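The next block holds one structure in the form of structure tokens; read it before the comments.
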Amino acid sequence: MSDNDAQDSNMAQPVAGGGLLDRRLFLKNGLALSAGAALAGHALESRAGEPSWMKTPGEPFTNYGRPSLHEKEAIRWISANSGAPGNGISWTPLHKLEGIITPNGLHFERHHNGVPQIDPNQHRLLIHGLVKNSLSFGIDDLLRYPMVSRLCFVECGGNSNAGWHEEPIQTPVGYFHGLASCSEWTGVPLAVILEEAGLQPDARWLIAEGADAAAMNISIPVEKALDDAILALYQNGERLRPENGYPLRLILPGWEAVLNVKWLRRLQAANQPVMARNETAKYTELQPSGKARQFTFIIEAKSIITFPSPGESLRGPGLYQISGLAWSGRGRIRRVDVSADGGRSWAEAALQEPVLPQCFTRFRLPWRWDGSPLVLKSRAVDETGYVQPERQALVAERGRHGYFHYNAIVSWAVAADGTVSHVYA
């Protein structure tokens, strides 16, 4: 046996319980496996003859592309207030997507009073308060500034909150954890604009306000604004869509979504927070000690397995690829471990490049399932050394009076018939 054959044989052996294999296996052999499947499919197609779409002209050009009619399941799931349809949320179908970029039309939504239809020619951004020079910008003014692009996630502080429930929710993973999306945002560094305005020495906070009918406002520390905040005008290469903040939104990489104010119209420099509803009555959590967590800005490390996941069924024993997403508001994901025996043993997954700070990271791991019931888990570790906690530990630390900032390890049970369900394990 050659050295290469011996290495291949070793990688095909389990490295942890439940049939988890070496993370390098598909990197080395995946191309050959794919080529074999493609050749088999081509031979079958040749015998079957030409399909109908090869015999008639196709559709004409369109001004803007649309998904295939056969991909109707890749949609946002909407939960809106029946009495006020503009107040609600929609989830990104993470279980139907691959890679790390969320299409603009599938980015999750949280609206308080509907999506405003703003004329960009009339919209302005006001910078005022504790500044030396109050400034007002039209969208055309901002478009003249040098821009930067940044890949990063945006996650609602209420994402995954069903994890606090006494019983595990049974729903597709994107409709449980899909208040998180990842895009390339392009715009003007906020620090550039604040430098022009000239912050006064006692300016410690920026009060950001949106131009929707709710006029939502919230407080942002000046340190973050001067660090990596972006006045975003573009998302994934195109101008922002109305539901994503058109014509201007704030992006604060790694910080909870409520701070990433959409339809941004005003930034007031102040010496104290505004104590708005979304930083007092909401996005705060009563702790077991009787104190409340407030201004919990940074999203902690988190991971989820998107395949296999609830709502899917495996076709029987065999070789599969476990795939999922991990992210952290504190920086890069350093490692993702996967368990197929309920956490008794772990194997390190392969991280797909690029691995960027405050960005979705796709992880993958080969897995040979023997048909036995088992429990799958993933555990993220970020570059600060923070380790995603088990659910029991998170509940013990934070109590059961909270609603926000749930980031515990998630467990999927695979039954002998291949069905997948959410469990607490």
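The values are calculated or read from the model by the stated rules, or taken from the named source; none is laboratory data. These figures come from a predicted structure and were not determined experimentally. In this analysis, Cβ positions are derived from the backbone assuming ideal geometry, glycine residues included, and neighbour counts consider all displayed protein chains. With ligands, DNA and RNA removed, areas are computed over all heavy atoms of the protein, side chains included. Shrake-Rupley method; radii C 1.70, N 1.55, O 1.52, S 1.80 Å.
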Quick one: how many lysine pairs in the chain have C-alpha atoms under 30 angstrom apart, if they're 8 or more apart or on different chains?
-> 23
Whole-number percent relative contact order across the chain, with pairs defined as alpha carbons under 8 Å at least 6 apart | 17 percent
Residue of 201, 221, 168 that the Gaussian network model of the chain assigns the largest fluctuation, springs spanning Cα pairs under 10 Å = 201
Per residue of the chain, what 222 nm ellipticity follows from adding -39500 (n - 2.57) for every DSSP H run with n ≥ 4, rounded to the nearest 500?
-> -4000 deg cm²/dmol
Across region 336-348, in residue order, what do the Karplus-derived ³J(HN,Hα) couplings come to in whole Hz, using 6.51 cos²θ - 1.76 cosθ + 1.60 with θ = phi - 60° and x for Gly and Pro?
-> 10, 9, 10, 10, 10, 9, x, x, 6, 9, 9, 10, 7
Looks like region 237-293, by Cα gyration tensor root eigenvalues a ≥ b ≥ c and the a/c under 1.5 rounded cutoff (else prolate when a/b is bigger than b/c, oblate otherwise), is prolate
Of the DSSP beta bridges with both residues in the chain, give the percent that are antiparallel, rounding to the nearest 5.
-> 95 percent
First measure r as the distance between the Cβ atoms of residue 392 and residue 321, then evaluate 1/(1 + (r/R0)^6) with R0 = 41 Å and state the FRET efficiency to the nearest 0.05.
-> 0.90
By average Cβ neighbour count within 10 Å, what is the ranking of 172-179, 261-268, 349-356 from highest down?
-> 172-179, 261-268, 349-356
Counting pairs of alpha carbon atoms under 8 Å apart in space and at least six apart in sequence, what relative contact order in percent does region 191-284 give?
-> 36 percent
Distance histogram for region 292-339 (every C-alpha pair counted, 5 angstrom bins, percent rounded to whole numbers) | 5, 15, 21, 17, 14, 12, 9, 4, 2, 2
Label point distance in nm, residue 298-residue 165, each placed 7 Å from Cα along Cα→Cβ = 3.1 nm
Output ³J(HN,Hα) for region 137-152: one whole-Hz value per residue in order, computed from phi by the Karplus curve 6.51 cos²θ - 1.76 cosθ + 1.60 with θ = phi - 60°, and x for Gly and Pro.
-> 10, x, 4, 4, 5, 5, 5, 8, 7, x, 10, 10, 10, 8, 7, 7
Output ³J(HN,Hα) for region 186-198: one whole-Hz value per residue in order, computed from phi by the Karplus curve 6.51 cos²θ - 1.76 cosθ + 1.60 with θ = phi - 60°, and x for Gly and Pro.
-> 10, x, 9, x, 4, 4, 5, 5, 5, 5, 5, 6, x
Under a 1.4 Å probe, what is the accessible area of the chain per residue, stated in Å²?
-> 48 Å²
Whenever you get a sec, line up 100, 298 from highest to lowest accessible area (probe 1.4 Å, protein heavy atoms).
-> 298, 100
Theoretical FRET efficiency, 1/(1+(r/R0)^6), r = Cβ-Cβ of residue 78 and residue 184, R0 25 Å, to 0.05 = 0.50
Measuring from label point to label point, each 7 Å out along Cα→Cβ, what is the residue 63 to residue 122 span in nm?
-> 2.2 nm
Given a 1.4 Å probe and the protein chains all in place, what does the accessible area of residue 345 round to, in Å² to the nearest 10?
-> 30 Å²
Keeping every protein chain in place, order 56, 171 by accessible area at 1.4 Å, biggest value first, i.e. largest first.
-> 56, 171
For region 371-425, what's the radius of gyration and Dmax over Cα atoms, in angstrom?
-> 13.7, 40
Got the relative contact order for region 180-236 handy, in percent, Cα pairs under 8 Å and 6 or more residues apart?
-> 55 percent
Treating the angle as unsigned and between 0 and 90°, give the value, to the nearest 10°, between the Cα long axis of helix 25-48 and the longest Cα principal axis of the chain.
-> 70 degrees
Binned Cα-Cα distances of region 142-227, short to long, each 10 Å bin given as a whole percent | 13, 29, 34, 17, 7, 1
Whole-percent carbon and sulfur contribution to the accessible surface of region 292-413 (1.4 Å, no ligands, DNA or RNA) stands at 49 percent
For 11, 216, 147, 275, write out the residues from largest to smallest accessible area, computed with a 1.4 angstrom probe and no ligands counted.
-> 275, 147, 216, 11
